[in-house]
Every structure is written in C-alpha cells, then in structure tokens.
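Read through the structure below, which is laid out as structure tokens, and then see the notes.
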Amino acid sequence: MADPQTAVANQLRNIESKTGKSFAQLCALIEKSGLNKVGEQRKMLMETLQLGYGDANMVCIRAKEAQAPVAASSDPLDAIYSGAKAPLRGLHDTLIAAIDKFGPYEKAPKKAYISLRCKKQFAMLGPATKESIELGLNSKTLKPSSRLKAMPAGGMCQFTTRISNAKEINAELLVWVREAYDAAQ
C-alpha cells in the first residue's frame, strides 16, 4: 500500500502539472478569491481551472492547512519549512550555521522566508521550490554569474541564487554572503 504522504505529494505534483500553477500560486488564487468556505473555493477551482472534485477539494484543504496559524511557542521556521518543503530545513540550517560565524546579526522570520539583518537587511533565505532554497543578497558590488542572478532595481535584494544541495554552500557562496553582511554594518 502506498504511503499517504507520498500519494498526496504525487497528487499535488499532478495538479501543478495539469494547471501550470505551483501550489503557492493555487493558494494565492484561493486567497485572492476572498472565498472562505471550502465548498465555495472548490467550486471556483473546478470552474476556473477545470479541476475535478477530488483535486480541487484536496487543494482547498491543503491550502487551509498551510494558512493555519503557527502556535506562538513554536519555531517560525517549522511553518516556513513544512509539508513538501520540510526536507529543505537541513540546507537552511547548514547555511545559517556558516553565516553565524561572520558575527552578530538579527534573524527576522517572515511568512515565507527569514530576513537576515545588521543595520539593514543583508540577505533573505527561504524555500524557493520543494527542491531548493533561495538566498537573496543585498550588495551593490557583486557581479552576476551563472550562479548569481541580478534582480530588477527596486526589489528586496539585488541578487539571488538557489541552493539545492549542501555542496553548493561553498567558499564562493560564502564570499558573496560575507560581502553583503559587511555592507550592512
């Protein structure tokens, strides 16, 4: 018999493929609709995206679970790295442990990522996909590369990079983070 969590993950992957939308985008669509009852949300998804009853129902229920408030005493990272993104918590912790060696800074959890700040934000870190985390860096002196993507002006960070395994947390990456950290002092 198949593992229930694997079955749900497979169903979500199929829905994402069928609709061309990520689970986060489906959640945003539900939230934007302003509909609060699962039955209304399900009907909207069935009509808008031509989903079947079971797929639409599963998306609505999982979206509600994803929006459930986190208990005040729990670690906010548990909410950020939950569900299919839970395995990414190890990458997050590995990168944070490396950044901790730079010196003091503030970790300010947001809904979907954590902001790293000294006098100003120098980085933001959170899940990008179920297979990678995204590191945003604030440094005007970094140069784009095959690994480091320049972002449009006026955004939260000037550069981003995605990390999908611990080997990518290497000297090159840490030089970039250190540069952003030093610029935020």
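Tabulated values for the structure
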{"quantity": "Single unsatisfied condition, residue 133 versus (1) without any contact (Cβ under 8 Å) to a residue 12 or more places away in the chain; (2) of a type in the set (A, V, I, L, M); (3) surrounded by 12 or more Cβ atoms within 10 Å (Cβ to Cβ)", "calculated": "(1)"}
{"quantity": "Lone unmet requirement of (1) in a strand (DSSP E or B); (2) exposed (fewer than 12 other Cβ atoms within 10 Å of the Cβ) for residue 111", "calculated": "(1)"}
{"quantity": "Some residue of the range 24-31 being among the small types (Gly, Ala, Ser), modelled with pLDDT of 90 or more and within 23 Å of the chain's Cα centre (by Cα)", "calculated": "no"}
{"quantity": "Condition met for residue 18 (modelled with pLDDT of 90 or more, surrounded by 12 or more Cβ atoms within 10 Å (Cβ to Cβ) and either aromatic (Phe, Trp, Tyr) or assigned to a helix (DSSP H, G or I) (or both))", "calculated": "yes"}
{"quantity": "Qualifying residues in the range 134-151 (those that are assigned to a loop (DSSP other than H, G, I, E, B) and among the charged types (D, E, K, R)) - the one nearest to the chain's Cα centre (by Cα)", "calculated": "147"}
{"quantity": "From the options 10, 36, residue that is surrounded by fewer than 15 Cβ atoms within 10 Å (Cβ to Cβ), free of Cβ contacts under 8 Å to residues at least 12 places away in the same chain, in a loop (DSSP other than H, G, I, E, B) and not assigned by TED's automatic domain parsing to the domain that holds residue 137", "calculated": "36"}
{"quantity": "Single unsatisfied condition, residue 59 versus (1) at pLDDT below 85; (2) of a type in the set (Val, Ile, Thr); (3) in a helix (DSSP H, G or I)", "calculated": "(1)"}
{"quantity": "Candidate set from the range 136-151 (those that are under 25 Å from residue 90 (Cβ atoms) and touching a Ser or Thr at 6+ places or on another chain (Cβ under 8 Å)); member that is surrounded by the most Cβ atoms within 10 Å (Cβ to Cβ)", "calculated": "137"}
{"quantity": "Top-ranked residue of the range 152-185 - restricted to ones that are under 17 Å from the mean Cα position of the chain (by Cα) and in a loop (DSSP other than H, G, I, E, B), ranked as surrounded by the fewest Cβ atoms within 10 Å (Cβ to Cβ)", "calculated": "165"}
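The values are calculated or read from the model by the stated rules, or taken from the named source; none is laboratory data. Since the model is a prediction, treat every value here as computed from it, not as a measurement. Cβ: placed from backbone, ideal geometry, glycine included. Neighbour counts: every protein chain shown.
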